[in-house]
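Q: Handing you a structure now.
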Amino acid sequence: MATHLPDDFKCPISLEIMSDPVILSSGHTFDRSSIQRWLDSGHRSCPITKLPLPEHPRLIPNHALRSLISSFTIQKSQPDANPYRNPNPSKKHQTQFLISALVSPSSTLESSLNSLSQLTRLTKLDPCIRRQITESGAVSTILNCVDSTESEIQEKALALLLNLSLDDDNKVGLVAEGVIGRVINAIRVGSPSSRAIGCTMLTSLAVVEVNKATIGAYPNGIKTLIWVLYNGKGREVREAATALYAICSFVDNRKRAVECGAVPILIKIGGMGLERAVEVLSLLVKCKEGREEIRKVNGCLEVLVKVIRNGSERGVQCALFTLNCLCSFAEEMRVEAKKDGVLEICVGFLDDENEKIRRNAANLVQNLSCRG
């Protein structure tokens, strides 16, 4: 099957189709298992650019690409499904017709909805069509549709913008056109579907480092994501937590998130089983304000220990790291952690196959053993 799929769907390391694509801080995407093996073997440079990576590199899920791969796989039997060839004239003319119908001052609600739906379908797998739309100047009209009080129009417009943001060149261009403010407003006032797509859109934009800073500094940007954590359900909450994780990989945004009240709700939903919340805490704990706030929240230790005992590999890594930072910061956390049997749990991790788990467990064992 791999021979029939675009090379961009293949991991640069394994050369296999990615099942769990993640984004490295260098901006390149790899399959999680392949890049994790690379990192676990001690490498601290990007396999492609050779640029140095942080000591604890963050792997951000590339949900947009994962969705593309899934959709493409379903359609792989169709000979015209290859998205990386130039669009045939009929498809190009169809796209231009839909763009013209969308931007027309006389466009009706039904016509706009049809145009948005068709363009969303066409752009999902075709970068040439995405480029045709952005070069046509239609983005401003799509942004206006995001402001629509008609939920279907708003949802389709957000879905189309999300597809356009798949191309790195568009991520900065869309921000320059004012997409952040429109998306944040849609998250606030839109339907649950609009909120989820809007949060995914922010995650996509945050792949570019400068956009992380822009989103974080935007009035009510981080606060809106935290509002979704408090008020949303299911997919909305998951996507909001993922967006917050992506944005808080930028150092200045961690303090902002803490000041906006992220910590209590992250601990609450982390205790309800959303490990992504614990991953966000593992970023916030790196700043003094984050450590101070986390230790104040009742039940924080209970949540972290629960994830350490029963979580996924990624969850265990983050919970161990977070708890170690807290124990280094506050004596009472060390005492309570030892009472809860954390030392014994960590000793059991010292032979774990996952290098990060071994390292984080060893650090916590040392921390708990050498203190009173």
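The values are calculated or read from the model by the stated rules, or taken from the named source; none is laboratory data. If you're wondering where the values come from, they're calculated on a predicted model, not measured in any experiment. Glycine gets a Cβ as well: all are built from the backbone with ideal geometry, and neighbour counts include every protein chain shown. We work out accessible area using only protein heavy atoms, side chains counted, and drop any ligands, DNA or RNA first. Shrake-Rupley method; radii C 1.70, N 1.55, O 1.52, S 1.80 Å.
Q: Confirm whether Ala176 is without any contact (Cβ under 8 Å) to a residue 12 or more places away in the chain and open to solvent by 20 Å² or more (accessible area, probe 1.4 Å).
A: Details: without any contact (Cβ under 8 Å) to a residue 12 or more places away in the chain: yes; open to solvent by 20 Å² or more (accessible area, probe 1.4 Å): yes.
Judged against the criteria, Ala176 is a match.
Q: Select from the stretch 7-32 the residues that are closer than 24 Å to Ala243 by Cβ and hydroxyl-bearing (Ser, Thr, Tyr) and write down the one among them that is most open to solvent (accessible area, probe 1.4 Å).
A: My answer is Ser19.
Listed here are the residues, each with its yes/no results for (1) closer than 24 Å to Leu301 by Cβ; (2) modelled with pLDDT of 95 or more; (3) under 14 Å from the mean Cα position of the chain (by Cα).
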{"residue": "Val237", "(1), (2), (3)": "yes, yes, yes"}
{"residue": "Ala241", "(1), (2), (3)": "yes, yes, yes"}
{"residue": "Lys255", "(1), (2), (3)": "yes, yes, no"}
{"residue": "Ala262", "(1), (2), (3)": "yes, yes, no"}
{"residue": "Gly273", "(1), (2), (3)": "yes, no, no"}
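Q: Could you please find all residues in the stretch 222-265 being of a type in the set (Phe, Trp, Tyr) and within 19 Å of Ala186 (Cα to Cα)? First the steps, then the outcome.
A: Initial filter on the stretch 222-265 (of a type in the set (Phe, Trp, Tyr)): 227, 230, 245, 250.
Those that are of a type in the set (Phe, Trp, Tyr) and within 19 Å of Ala186 (Cα to Cα): Trp227, Tyr230.
Q: I would also like to ask the following. Taking the criterion of being closer than 20 Å to Ala101 by Cα and either among the charged types (D, E, K, R) or assigned to a loop (DSSP other than H, G, I, E, B) (or both), would at least one residue in the stretch 154-169 satisfy it?
A: Within the stretch 154-169, one or more residues are closer than 20 Å to Ala101 by Cα and either among the charged types (D, E, K, R) or assigned to a loop (DSSP other than H, G, I, E, B) (or both).
Q: Return the total of residues in the stretch 247-262 being closer than 28 Å to Gly27 by Cβ, open to solvent by 10 Å² or more (accessible area, probe 1.4 Å) and not in a helix (DSSP H, G or I).
A: Looking only at that region, the number is 2.
Q: Scan the stretch 225-246 and give yes if some residue there is touching a strand residue (DSSP E or B) at 6+ places or on another chain (Cβ under 7 Å) and open to solvent by 20 Å² or more (accessible area, probe 1.4 Å), otherwise no.
A: Looking for residues that are touching a strand residue (DSSP E or B) at 6+ places or on another chain (Cβ under 7 Å) and open to solvent by 20 Å² or more (accessible area, probe 1.4 Å), one finds none in the stretch 225-246, hence no.
Q: Okay, next question. Output the number of residues of the stretch 284-323 satisfying the condition of being among the polar types (S, T, N, Q) and open to solvent by 30 Å² or more (accessible area, probe 1.4 Å).
A: Adding up the residues that qualify gives 3.
Q: Would you point out which residue out of Ile184, Ile133 is surrounded by 20 or more Cβ atoms within 10 Å (Cβ to Cβ), β-branched (Val, Ile, Thr), at pLDDT 95 or above and assigned to a helix (DSSP H, G or I)?
A: Details: Ile133 fails: at pLDDT 95 or above.
Within the list Ile184, Ile133, the selection yields Ile184.
Q: Going by the conditions given, is Glu279 closer than 24 Å to Val22 by Cβ, acidic (Asp, Glu), open to solvent by 10 Å² or more (accessible area, probe 1.4 Å) and touching a Ser or Thr at 6+ places or on another chain (Cβ under 6 Å)?
A: no
Q: Take residues that are touching a strand residue (DSSP E or B) at 6+ places or on another chain (Cβ under 6 Å) and closer than 26 Å to Phe250 by Cα and tell me which of the helices (runs of 4 or more DSSP H) falling wholly in the stretch 263-372 contain 1 or more.
A: Those helices (runs of 4 or more DSSP H) do not exist here; none qualify.
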